Amino acid sequence: MLFQYNGGASLLHRLGPLSKLIWVGCFSLLSMAWDSTLHEAALLAVLIVVAWLGARLTLVRQLRVMSFLIGVGIPYFILSILAIREGHTVMSWGPIGITTEGLDIAGALTLRIFVLFLASYIYLSTTDPRDFVQALNLRLRVPYRFAFGISVALTFLPLLEEEGHTIMAARRVRGQEPPRGLRKRLAYWSGYAAAVLVNAVRRVQQTALAMEGKGFGAYADRTYLRELGNDRFGYICAVVAVIATAVLWWSL
């Protein structure tokens with residue numbers, strides 16, 4: 001499964017959850033601030049290298065993870081080109097025109113989707129949800145119920161993915177392949193989405209009953225099986241990331 005924590009001993013695996021969260025925030029802030037295709041492409045290239053060297057995520061795996069975004073990115077790129085009319089006209093077909101500024105901004109907006117997604121994926125694949133909850137609760141003093149809710153949401157992502165694969169396999173065993181035609185395909189995928197939603201609600205109900213049966217929230221103080229260590233190197237990396245972000249923000 002793609003959207004789940006994968007244990008390892010890489011550099012990013014050893015960093016603390018909050019340090020990596022600051023890194024993700026810095027990448028996201030720069031991506032949202034820049035409107036240049038060149039800048040967004042450079043940011044995406046840096047992220048790919050960080051994922052490859054820092055998290056040991058191969059290029060093949062990164063491409064496989066981002067492949068489903070192509071279906072969103074291409075239409076978004078085309079619509080952005082057609083919506084932006086400023087700049088020098090490169091091509092025109094009647095009322096439809098493509099400008100240089102439109103190409104640049106459309107490319108930047110499309111690459112921004114990949115940057116934000118890849119940064120989030122690196123964080124999810126290298127951060128144990130239990131460590132994330134502990135860091136929020138003990139370091140940031142976030143209420144435990146709220147932190148645990150975020151952890152459950154992160155944990156449910158791979159579960160929903162697994163449910164989707166199971167439902168798709170069951171349909172194929174019954175000979176239910178995706179039909180042809182737009183209307184039939186919409187009906188087919190609507191049924192698929194409804195089945196995934198029903199299973200997700202069932203999972204939530206089971207989790208709520210289990211938490212209630214185990215007395216979740218009965219005590220104000222929480223105990224942990226293992227505690228987070230002193231992440232000095234992570235703090236240094238976070239400070240470097242903030243300084244680099246500030247320099248790039250004001251210089252570019």
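For the reader, a short list of remarks on this structure follows.
- As a calculated quantity, the FRET efficiency between ARG222 and SER28 at R0 = 30 Å, using C-beta atoms, amounts to about 0.55.
- Of the complete DSSP H runs in the chain, those spanning 15 angstrom or more by Cα along the long axis with a mean Kyte-Doolittle score not below -0.5 are 17-33, 37-49, 70-83, 100-126, 144-173, 182-213, 232-251.
- Modelled label positions at SER190 and HIS88, each set 7 Å beyond Cα in the direction of Cβ, lie 4.9 nm from each other.
- Neighbour-limited loop hits for trypsin sites (Lys or Arg not before Pro), region 68-162 (at most 16 other Cβ within 10 Å; DSSP other than H, G, I, E, B): ARG85, ARG141
- If you take the Cα centroid of region 72-101 and the Cα centroid of region 134-213, the two points sit 37 Å apart.
- Region 102-168: C-alpha gyration tensor shape, a/c 1.5 cut-off, then a/b vs b/c: oblate
- Relative contact order for the chain, counting Cα pairs under 8 Å that sit 6 or more residues apart, in percent: 30
- For the chain, the Cβ-based charge dipole about the Cα centre amounts to some 880 debye (Lys, Arg positive; Asp, Glu negative; other atoms uncharged).
- Candidate values (1) 0.97; (2) 1.03; (3) 1.13, label of the one derived for Rg/Rh (Cα atoms, Kirkwood Rh): (2)
- Extension gain from VAL242 to ARG139, taking 0.36 nm per residue of separation minus the Cα-Cα distance: 35.2 nm
- Using C-alpha pairs below 8 Å separated by at least 6 residues, the relative contact order for region 34-126 is 39 percent.
- With R₀ set to 25 Å, the beta-carbon distance separating VAL46 from GLU101 gives a calculated FRET efficiency near 0.50.
- If you take all other residues with their beta carbon under 13 Å from the beta carbon of ASP35, and give Lys and Arg +1 and Asp and Glu -1, the sum is -3.
- Positive dipole terminus of region 141-213, leading residue within LEU197, GLY181, ALA208 (C-beta point charges): GLY181
- Length released on extending from ARG174 to THR207, taking residue separation times 0.36 nm less the Cα-Cα span: 8.9 nm
- Excluding the site residues themselves, the longest part of the chain lacking any GluC sites (Glu not before Pro) in a DSSP loop with at most 14 other Cβ atoms within 10 Å is 87-226.
- Gyration tensor (alpha-carbon) shape descriptor, region 141-213, a/c threshold 1.5: prolate
No value in this document is a laboratory result; all are computed from the given coordinates. Quick caveat: nothing in here was measured; it's all calculated off a predicted structure. Every residue, glycine among them, receives a Cβ derived from its backbone with ideal geometry; neighbour counts consider all protein chains shown.
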